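The values are calculated or read from the model by the stated rules, or taken from the named source; none is laboratory data. What you see is a predicted model; the values in this text were computed from it and never measured. Every residue, glycine as well, gets a Cβ built from its backbone with ideal geometry; the counts of neighbours run over all protein chains shown.
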């Protein structure tokens, strides 16, 4: 439930273009691509000096750059799912610790320890969803909601560099035609689709 709720909130913020939050997600996706773009440029210069084909490296860097925001969102969803599993383990361990006090403490003290342990375990289970799981999925949804529409937008964006690089890798000429945008969109959607599947599965 918290996985879906968080993702819906994140996409809703992106669609509604909520001040600051949507811009922050946009910046996060852009920075990821800039990072790969900078690394790709350095890699192209390095491998070119060793005789490696520049177009192959350009294409590889472009695909990695387009995939990175989706991979980031996927990792956030995986982390969110992990917190749901960990909270159950933590709750059981805390409750077991409280019950174990019967072996070492008088019954009066042990009952108090069990009560405290069960209360802490209940709080851990109850608050992990809204305070940890949902925000992680919201950030993943926010990245997807901001990034994917911009990838097919006709407005120049950071993704334009990756599109131009891939077009140059495929044809030998720089450019940003729509068909390359669509190819990269299909590539970029893959990690987001995996993340969405994990969210739906719970």
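Quick look at the numbers
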quantity: Criterion: part of a helix (DSSP H, G or I), within 30 Å of residue 183 (Cα to Cα), within 29 Å of the chain's Cα centre (by Cα) and in contact (Cβ under 8 Å) with a residue 24 or more places away in the chain - qualifying residue of 132, 66; calculated: 66
quantity: Tally, over the range 43-58, of residues that are under 21 Å from residue 175 (Cα atoms), assigned to a helix (DSSP H, G or I) and at pLDDT 65 or above; calculated: 5
quantity: Residue 61 being outside any loop (DSSP other than H, G, I, E, B), within 13 Å of the chain's Cα centre (by Cα) and surrounded by 20 or more Cβ atoms within 10 Å (Cβ to Cβ); calculated: no
quantity: Filtered residue count, the range 3-13, keeping only those that are buried (at least 22 other Cβ atoms within 10 Å of the Cβ) and modelled with pLDDT under 85; calculated: 2
quantity: So residue 200, is it touching a residue at least 24 places away in the same chain (Cβ under 8 Å) and either within 16 Å of residue 62 (Cβ to Cβ) or not in a helix (DSSP H, G or I) (or both); calculated: no
quantity: Test: residue in the range 106-128 that is farther than 20 Å from residue 10 by Cβ and not in a helix (DSSP H, G or I); calculated: yes
quantity: Qualifying residue in the range 31-38 (condition: buried (at least 18 other Cβ atoms within 10 Å of the Cβ), under 26 Å from residue 132 (Cα atoms) and at pLDDT below 75); calculated: yes
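Yes/no matrix, rows are residues, columns are (1) under 27 Å from residue 67 (Cβ atoms); (2) surrounded by fewer than 18 Cβ atoms within 10 Å (Cβ to Cβ); (3) modelled with pLDDT of 80 or more:
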{"site": "80", "(1), (2), (3)": "yes, no, yes"}
{"site": "91", "(1), (2), (3)": "no, no, yes"}
{"site": "101", "(1), (2), (3)": "no, no, no"}
{"site": "105", "(1), (2), (3)": "no, yes, no"}
{"site": "111", "(1), (2), (3)": "no, yes, no"}
{"site": "119", "(1), (2), (3)": "no, yes, yes"}
{"site": "140", "(1), (2), (3)": "yes, no, yes"}
{"site": "155", "(1), (2), (3)": "yes, yes, no"}
{"site": "171", "(1), (2), (3)": "yes, yes, yes"}
